[in-house]
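The following block contains the structure, expressed as C-alpha cells.
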Amino acid sequence: MSNENETFTRTLGVDSGRLRLARSQEIAGVSAHLAAQARRELLIHDLRLEPAIYDQTLFLQAVKQLALARPGLCVRILLSDPRAAAQDGHRLIELARRLTSRIAIQRVADEDQGSLDALLIVDATGYVRRRLADGMEAIADYDDSPSARRWRLEFEERWERSSADTELRQLFI
C-alpha cells in the first residue's frame, strides 16, 4: 500500500484511485476507515466473516454508529458459513443479534456458494474487494461508483436468493 497516512485522509465519494492492500492489517484499517464514513449502507459478502477484518474494534464501532444513526436495515451481511462465525464468538454477529432491525445476516444460497470474492461495499461508492476470500490481498477505492454499483447489484441478486440460517437463528436464542 502507498503511504498509510495518505490512505486515512481519503474521503468516501471524493478521493478516487485504486489501493492495493497486501496484509490483513491494511485491509482491516481501510475497511474500518471506509465503514466509518458510511452514511447509507454497508454490504458485506464473505465466506465466514474474516475476524482479522470484521471483528476489530474500529470496524465494529463504525458499524454500530451507522446502525444507530440510520432507521431501517442499513447493514446486510451475506456469508457462506454464518454458523462458524457465530460459534467463534464473532463480535459483529453479537452486534447483529442486538440490532436485528438494523443489521441482517443471511446465508448465501447454494447456487452462489462458489463465489470466491469477498466484498465490503460502502454507500455504493467505495469498496474493499479480496479476489480470493481466503487470501489477504485486496484492492480498495474510496470513489469508484461504477464498480461499487455493479457489485451492489450482484449483492442484491444474491441477497434475494439467500436465506436466514436456521442454525444461526438458534444460536441467537
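The values are calculated or read from the model by the stated rules, or taken from the named source; none is laboratory data. Quantities reported herein were computed from a predicted structural model and do not represent experimental measurements. We place every Cβ from the backbone using ideal geometry, glycine too, and count neighbours over all the protein chains shown. When the accessible area is computed, the model is the full protein with side chains, heavy atoms only, and any ligands, DNA or RNA have been set aside. Shrake-Rupley method; radii C 1.70, N 1.55, O 1.52, S 1.80 Å.
With a cap of 11 neighbouring Cβ atoms within 10 Å, and only residues DSSP puts in a loop, list the GluC sites (Glu not before Pro) found in the stretch 23-95. All intermediate terms of the calculation are to be shown ahead of the outcome.
Numbers: sites: GLU26, GLU41, GLU94; in loops: GLU41.
Here no loop site has a sparse enough neighbourhood.
Please go through the stretch 111-161 and write out the trypsin sites (Lys or Arg not before Pro) that DSSP classes as loop and that have at most 15 other C-beta atoms within 10 Å.
Numbers: sites: ARG129, ARG130, ARG131, ARG149, ARG150, ARG152, ARG158, ARG161; in loops: ARG131.
In loop regions of the stretch 111-161 (DSSP not H, G, I, E or B), the sparsely surrounded trypsin sites (Lys or Arg not before Pro) are ARG131.
Using the scaling law 2.2 N^0.38 Å as the reference, what is the normalised Cα Rg of the chain?
Numbers: Rg = 14.8 Å, N = 173, 2.2 N^0.38 = 15.6 Å.
Relative to the 2.2 N^0.38 Å estimate, the chain comes out at 0.95.
Round to a whole number: what % of the accessible area of the stretch 55-173 belongs to carbon and sulfur, probe 1.4 Å? Could the numbers behind the result be given before it?
Numbers: 2710 of 5910 Å².
Percent of accessible area from carbon and sulfur atoms in the stretch 55-173: 46.
Next question. What shape does the stretch 38-83 take by its C-alpha gyration tensor, where a ≥ b ≥ c are the square roots of the eigenvalues and a/c under 1.5 counts as rounded, a/b above b/c as prolate, and the rest as oblate?
Values: a/c = 2.63, a/b = 1.46, b/c = 1.81.
Oblate shape, in that a/c is at least 1.5 and b/c is the bigger or equal ratio.
State, to one decimal in nm, how far the label point of ARG70 lies from the label point of ARG131, with both points 7 Å from Cα in the Cβ direction.
2.9
Right, next: Cut-off 11 Å, label point 7 angstrom out along Cα-to-Cβ of ARG40: give me the residues of the stretch 120-139 whose amide nitrogen falls inside.
122-126
Report, to the nearest 10°, how far helix 24-36 tilts away from the longest principal axis of the Cα atoms in the chain, using its own Cα long axis and a range of 0 to 90°.
Its long axis makes an angle of about 90 degrees.
While we're on this one: Check each of the chymotrypsin sites (Phe, Trp or Tyr not before Pro) in the stretch 1-85 and keep only those in coil by DSSP with at most 16 other C-beta atoms within 10 angstrom; list them in order.
Of the chymotrypsin sites (Phe, Trp or Tyr not before Pro), the ones in loops of the stretch 1-85 whose Cβ has at most 16 other Cβ atoms within 10 Å are PHE8.
Taking N as the number of residues in the stretch 74-173, what value does Rg over Cα atoms divided by 2.2 N^0.38 Å take?
Numbers: Rg = 13.8 Å, N = 100, 2.2 N^0.38 = 12.7 Å.
Normalised by 2.2 N^0.38 Å, the Cα Rg of the stretch 74-173 equals 1.09.
Just the number please: accessible area per residue for the chain, 1.4 Å probe, all protein chains included, in Å².
Working: 8410 Å² over 173 residues.
It amounts to 49 Å² per residue over the chain.
Now, a different point. Which percent of Cα pairs goes in each bin when the distances of the stretch 18-66 are cut into 10 angstrom slices starting at zero?
Cα pair-distance distribution for the stretch 18-66, in percent: 25, 59, 16.
If you don't mind, another one. Per-residue ellipticity at 222 nm for the chain, helices alone: DSSP H runs ≥ 4 residues times -39500 (n - 2.57), over residue total, nearest 500 deg cm²/dmol?
Working: 8 runs with 72 residues, N = 173.
Mean residue ellipticity, 222 nm, calculated: -11500 deg cm²/dmol.
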